[in-house]
Every structure is written in C-alpha cells, then in structure tokens.
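Read through the structure below, which is laid out as structure tokens, and then see the notes.
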Amino acid sequence: MTRVRIARISLVALAGLVLAVSCAATHVQSGKKPLPPLEPDANMERSAVPDVYKWNLTQLAKDDAAWQQGMEACSKDLEVLPKTCQGLEDPKNLLACLQAFFGLDERVNRLTMRAKLRHDADNQDAAIKKEHGQALKLTDDLMQRSSTIRQDLLALTPDALAKAYSAQPKLKQYAPWLDDMFRRKGRVLDPEAERVLALAGDNLWAQIDLNEIPSASESAFFGLLTSIEFPKIKDEEQKEVQLGLSNYGKYRSSKDRRVRRDTVESFFGTLKKFQNAFSATLAGQAQFDVFLARSRKYDTARKAYLDKDQLDPAVYDNLIATVRKNLDPLHRYVKLRKRVMKLDEVRLFDLYVPLVPGVEKEISFDEAVKTILASLGPLGPEYRKQIAHAMDPRNGWLDLYPAKHKESGAFSASVYGRHPYVKMNYLDQLNDVSTLAHEYGHAMHSHLAMKNQSYVTFRYVPFLAEIASTFNEMLLSDYLLKKARDKKERAYLLNDLMESIRTTIYRQTLFAEFELAIHQEMEAGKPLTAARMNEIYKGLITDYYGPDYTIGENDDIEWAYIPHFYWKYYVFTYATGLSSAIALSERVKTGGKPEREAYLGMLKGGCSKPPLELLKGAGVDLSKPEAVQAAMDLFNKTLTELEKLL
C-alpha cells in the first residue's frame, strides 16, 4: 500500500493556464451524463457525498455478507495450510504449497483492503472498525503461519531447489521470491525464536505484506492523534471554523498571516500538551525497530530495513551528505521570503504561502483532470488513455471528497488483479491538483506492474514508490511553466517548482536525519524523551533553514504528528524519489521512444529485479550523488531566476 503523502507541489490557476485546458465549471465527461455538483466541506457527513464520488469496493467483495464469508473461508484455509505445506522435498508438494500460500495471501489482501478503505473513509463507524480489526488479525495470523513455512523452505538445499525447478517448471515463477528469501537465510533464527518474533509482529520478514499491519506504537500514535480535539480558529472572514487534521494544511497556507499564525500556533500548541504521549509512542516504535534488527543480527535498524529491499545504507548517506552540502541555497530561499514578504522574521507559518500571489480561483475537479491529462503527453497516448479512465469517478477508482470522519491526506492502494484505489480529500484548492497527479502516478505504477508481472513479482519496494508520483508532478510543473504568459506567472510557477524541491527533498531529508538520529539514540541506550526529541528536531531546523529563520516556541514539536516516522525508514524515499523523477522526466522529455519505454519499463518491472537495477535501467544511479545534486542544482537555478524576477 502506498503511504500517505506529505510533501507536494502547489499549482497556480492563473486565468491563461486554465483557459488553455478547460473553462468547465462542472464535472462533464464527453458523451457521459454530467456528475452531480458538490461544494467540498471537510465537516460534511459522508452520507451527504454522492456515491459516484466514493470508491466502488464491489470488486473486493460484493457486499458485507460476501466479505464475511470470504473471511471465514480464508480462516479455514489458513488452518489447513500447514498440512498442504508438508514434504517440500517433493517438487509436487512444493508447488502445491506455494500455490496455496500465495493464493491465500491474495485473497486475504483483497479482504483486508476492503476493510482498510472503508475504515479510512469513516473511522468512527463501530461496525467498520470491527471489520478492520478482524482483517488485521487475519493478516497477522497469515504472517505467523508464513514463519513456519519459511523455515521449511529454507531447509531445502540449492540442489534440491534446482531439481524442483526442472521437475515442475511452474515453480520458476516463485524463483525471485525464493532467491530473496535465501539471500537473507543467515538472518533466520531457530523455529522457536521465529515463532516468538512472529507473535511480536516481526515485519522484517513479512515478504507478502501489501496491507502492512501497524505496530502497537503506530496504532497508539494514530489513536492519540485522531482523538485530539484541536481548537477552533477564525478564518479570513472572521468566521469560526473547527481546526483539524484535514484542514490544517489549508489554513496553514492562508494569505492572511493572522490566520496561518493562529493555525500553526494552535495546532502545535495542542500537540505540545501531549508531547510525552507522542514521545512514548515514537520511542516505542524505535525500540521495536531496534529489537527486530538486533534479533536478526543486524548492527542497526536502518541496515535491517534497507537490506529488506536490497538497498545499501550508502544510498541513505549519499542523500543526506549531498543535501547537507547544498543548504546555502535553502538559506537564500528563506532570506528571499523575508525580503519579498516584508517580514521582520520568517516563521514556519510563512513557508507555505506563495511568494507570488496568483489569480484568485478555485480549481474544479474537472479542470484538474484536463490539466493533468494535457501535461502527460511525453508518456504517450496509451498511458494518457488509461489514466483518463482511472480519474473518471464513474469507474470506481477514486474516493474524491472529504467528509467528517474520513482520514486526512491522500494515497493510492492496490491489490493484485483489481484496479488501484485512490483516496483524495479534494477541496478545490490549488494543492489538490498536484496531489491528484501525484496519487495517480502511484496508481498507474501499480496498474502497469500488475499488468506485466505475476502476483509474486508485482509489488515494487518503497524505494521506487515515490518516483512515478513525483515524475507526474514534474511533467505538470513543466507544462504550466511553458504556458506562462508573463513574468508574474512564470515567477509564481518557479516558486511552485522550488517549493516542490524544498518540501520533498530538503524537508523529507530533514525528516530522514531525525529518524536516523532517534534510532541511533535508542541503539546507544539513551532515553528518548520528548525534550530530547524536541532538541534534535530544533537543531535540524536551525541547520536547514539558517540564520534568517526564527523558530517558534512550539515548532520543535512538529515531529509529533508525522506518521512516516512509524514506517521504518520510508521517509527518505520521498527525497530520492523526487531526485530520480527530476532526472527521469528530463530524460523522457528530451529523448524519444527509447527513453519513454525505459522509464515505463521500470514501472512495469514491479520487483522482478533489485530496485537499484530497475532504476539504472530507466537511466538513474542513486548510489552516486549526481541525481540528488542535479535536483539541488535545479533548486539553485530556479531560486536564482526567481531572485531576479522579484
């Protein structure tokens, strides 16, 4: 499942650009009945949202009764799975075991996906919460069963496996999965230790965990975060509004400094009241990560989680080192904000409002779709045709609008053999357009991988997950820059591009440094208190944003609401992903069909090859600094032009 995205580009809706693609004010699809109009409201009841704007989950289970029947059938099959997986030295038995194992996993993932999507759409419905718990337990049971099967598989000798491939050619489809398992054979413990780790929720060996089970710390974090009642604030018209997770970003970027100041200070001030609880959940996650890594004889948690996806920690170090060498342009960026916005001091709540104001205009969903499709020309007609189908709400891929108890953020999620699902909280805001392009980049990556790979090899690892999404954003940004009519429009769009690199490379690398630091503290046996986490985070903010940035009283608590820190060395992939996307999008735009097919070939590759090998095939080597440095150079170049324009 693709995780919730934090960083994103914002777009400009200047009149000339909008007119270049569409002047539609309602959702109109050629040859189809217009979709019902809806004014988005984060506090509306989900029942008030027309069904056409919601996911169609019938491909996962026809209805509640069919879902429950499927759960019961999977539970029964799980009980007999150990009997199926006996005598694996016999090639026939080995094939039968793997077919049963992966077949059951596919069915469980499908049922779990339905429960997950329903829960994300309404996290307060008691029946939905119960189903979600059932699904997570079933997935946990399957993961524990897989531990025993793995032990038996690893007992096979290379000669026995080679003979099995010869005797049963159908076994070769499982070779990539088996090869990766044998690659880490030395990390496997004795059966009793494996049983205990499985009971503890080991995810270092969860090789078929598309719907990853949250750790106890992650569950506690989300339970705490979603239970907090944030205060009300007054918007630009002095109207009292309820501040929450779903609208925090909107009011944080308000043109009215009073609104954005009240938003951030109210939000962070509330988080600060719960800092000890947040530090306990995050310290618990770090402790769990270290426990699992050391149990499997890794020196560090980072090495363990990167090795799971065949990544060298040098890739992580290369990212941080290259970004660190390029902090001066970020300091200049802060100084430019201070000058252009005529501020005595630059605060966190001053970083998310555009430096160059655009034309006041809301962006309807239909306008967003047409703009995105126009920008994706370099990817060819087939890609554009498929993504147009996927973005049409009638086709069931999309849950478009926010609702009172819908989870915040956006994501794309998929299970094999079914179309991907995209969650949005579309509010007709400028940022929503780039978010839509981003999430459908994920969706198309999953779609192409499923169409071209077997169930065993279709899952791409997190390291590759943020490339297709930000690639689409880069094409969108480039398209709008080419349509700019004057210096003001160009300045606005250059600022958007600069913001993309700041939030997705600089900010996410800052997060990656924080994640590494707290794990190193835990690995050194030091206590991870709220005060220590605040100190680490404050130091990073100081380094990254430089002397012209003023840290607010509660800014050091920002780490507390970031979910990525519970996802085990995932956040750095946003920065490496955009760095790769910048390099690859330029390669595809300036190249021809071979460059486009090389890029699409990576998307189609799933996990059929190691991730660095797939990426190299598309044209980027992240074991070297060039791609990250190119992104830093683009930031510096964009900043220099913007300084002149302003």
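The values are calculated or read from the model by the stated rules, or taken from the named source; none is laboratory data. Bear in mind that the values here come from a model prediction, so they are computed numbers and not experimental data. Neighbour counts are summed over all protein chains in view; Cβ atoms, including those assigned to glycine, are modelled from backbone coordinates with ideal geometry.
A few remarks follow.
- Some residue of the stretch 312-326 being within 20 Å of Ala465 (Cα to Cα), of a type outside the set (A, V, I, L, M) and crowded, with 19+ Cβ neighbours inside 10 Å: yes
- Lys526 meets the conditions (1) part of a helix (DSSP H, G or I); (2) at pLDDT 90 or above; (3) more than 24 Å from Tyr574 (Cα to Cα) in every case but one. The failed one is (1).
- Screening the candidates Asp152, Asp140 for the property of being modelled with pLDDT of 90 or more and outside any loop (DSSP other than H, G, I, E, B) yields one hit, Asp152.
- Qualifying residues in the stretch 241-260 (those that are aliphatic (A, V, I, L, M) and part of a loop (DSSP other than H, G, I, E, B)) - the one surrounded by the most Cβ atoms within 10 Å (Cβ to Cβ): Leu243
- Qualifying residue in the stretch 530-543 (condition: touching a residue at least 12 places away in the same chain (Cβ under 8 Å), crowded, with 20+ Cβ neighbours inside 10 Å, over 30 Å from Glu345 (Cβ atoms) and in contact with a helix residue (DSSP H, G or I) (Cβ under 6 Å, 6 or more places away or on another chain)): no
- Residue tally, condition in a loop (DSSP other than H, G, I, E, B), within 23 Å of Pro462 (Cα to Cα) and either free of Cβ contacts under 8 Å to residues at least 40 places away in the same chain or not charged (D, E, K, R) (or both), over the stretch 261-308: 3
- Hits in the stretch 552-569 (condition: outside any helix (DSSP H, G or I) and surrounded by fewer than 24 Cβ atoms within 10 Å (Cβ to Cβ)): Gly552, Glu553, Asn554, Ile562, Trp567
- Taking (1) assigned to a helix (DSSP H, G or I); (2) in contact (Cβ under 8 Å) with a residue 40 or more places away in the chain in turn, Arg107 satisfies each apart from (2).
- Any hit, the stretch 360-378, residues being aromatic (Phe, Trp, Tyr) and under 30 Å from Ile541 (Cα atoms): no
- Among the numbered conditions (1) within 23 Å of the chain's Cα centre (by Cα); (2) in a helix (DSSP H, G or I), the only one that Leu311 does not meet is (2).
- Within the stretch 99-113, the residues that satisfy the criterion of being closer than 15 Å to Ser75 by Cβ and of a type in the set (A, V, I, L, M) are Ala100, Leu104, Val108, Leu111.
- One residue stands out in the stretch 570-579 among those that are part of a helix (DSSP H, G or I) and of a type in the set (Ser, Thr, Tyr): the one that is surrounded by the most Cβ atoms within 10 Å (Cβ to Cβ), namely Ser579.
Conditions tested, residue by residue: (1) in contact (Cβ under 8 Å) with a residue 24 or more places away in the chain; (2) crowded, with 20+ Cβ neighbours inside 10 Å; (3) in contact with a Leu (Cβ under 7 Å, 6 or more places away or on another chain).
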{"residue": "Leu448", "(1), (2), (3)": "yes, yes, yes"}
{"residue": "Asn452", "(1), (2), (3)": "yes, no, no"}
{"residue": "Phe458", "(1), (2), (3)": "yes, yes, no"}
{"residue": "Ser469", "(1), (2), (3)": "yes, yes, no"}
{"residue": "Met474", "(1), (2), (3)": "yes, yes, no"}
{"residue": "Leu481", "(1), (2), (3)": "no, no, yes"}
{"residue": "Leu494", "(1), (2), (3)": "yes, yes, yes"}
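- Residue match in the stretch 419-430 (condition: crowded, with 24+ Cβ neighbours inside 10 Å, part of a helix (DSSP H, G or I) and hydrophobic (A, V, I, L, M, F, W, C)): no
- Candidate set from the stretch 171-194 (those that are more than 32 Å from the chain's Cα centre (by Cα) and over 14 Å from Phe101 (Cβ atoms)); member that is modelled with the lowest pLDDT: Pro191
- Only one entry in Ala96, Ala135, Ala162 is under 30 Å from Lys297 (Cα atoms), out of contact with any Cys (no Cβ under 7 Å at 6 or more places or on another chain) and of a type in the set (Gly, Ala, Ser), namely Ala162.
- Selection from the stretch 374-399 of residues that are among the polar types (S, T, N, Q) and closer than 16 Å to Lys33 by Cα: Asn395
- First in the stretch 39-50 and crowded, with 17+ Cβ neighbours inside 10 Å, second anywhere and modelled with pLDDT of 90 or more and not in a loop (DSSP other than H, G, I, E, B), Cβ under 8 Å, 6 or more apart: Arg46/Ala121
- Of all residues in the stretch 213-240, those satisfying the criterion of being part of a loop (DSSP other than H, G, I, E, B) and under 25 Å from Leu111 (Cβ atoms) are Ile213, Pro214, Ser215.
- Residue among Lys308, Lys342, Lys338 that is at positive phi and not hydrophobic (A, V, I, L, M, F, W, C): Lys342
- Among (1) surrounded by fewer than 12 Cβ atoms within 10 Å (Cβ to Cβ); (2) among the basic types (Lys, Arg); (3) at pLDDT below 95 - the single one Lys76 does not satisfy: (3)
- When Leu603, Leu612, Leu639 are checked against the criterion of being touching a His at 6+ places or on another chain (Cβ under 7 Å), part of a helix (DSSP H, G or I) and not polar (S, T, N, Q), Leu603 stands alone in meeting it.
- Considering Ala598, Ala627, the condition of being modelled with pLDDT under 95 and either surrounded by fewer than 20 Cβ atoms within 10 Å (Cβ to Cβ) or part of a helix (DSSP H, G or I) (or both) is satisfied by Ala627 alone.
- Some residue of the stretch 195-213 being buried (at least 17 other Cβ atoms within 10 Å of the Cβ), modelled with pLDDT of 90 or more and farther than 25 Å from Phe411 by Cβ: no
- Inclusion of Leu330 among residues that are crowded, with 21+ Cβ neighbours inside 10 Å, within 30 Å of Glu523 (Cβ to Cβ) and either free of Cβ contacts under 8 Å to residues at least 40 places away in the same chain or of a type outside the set (Val, Ile, Thr) (or both) is warranted.
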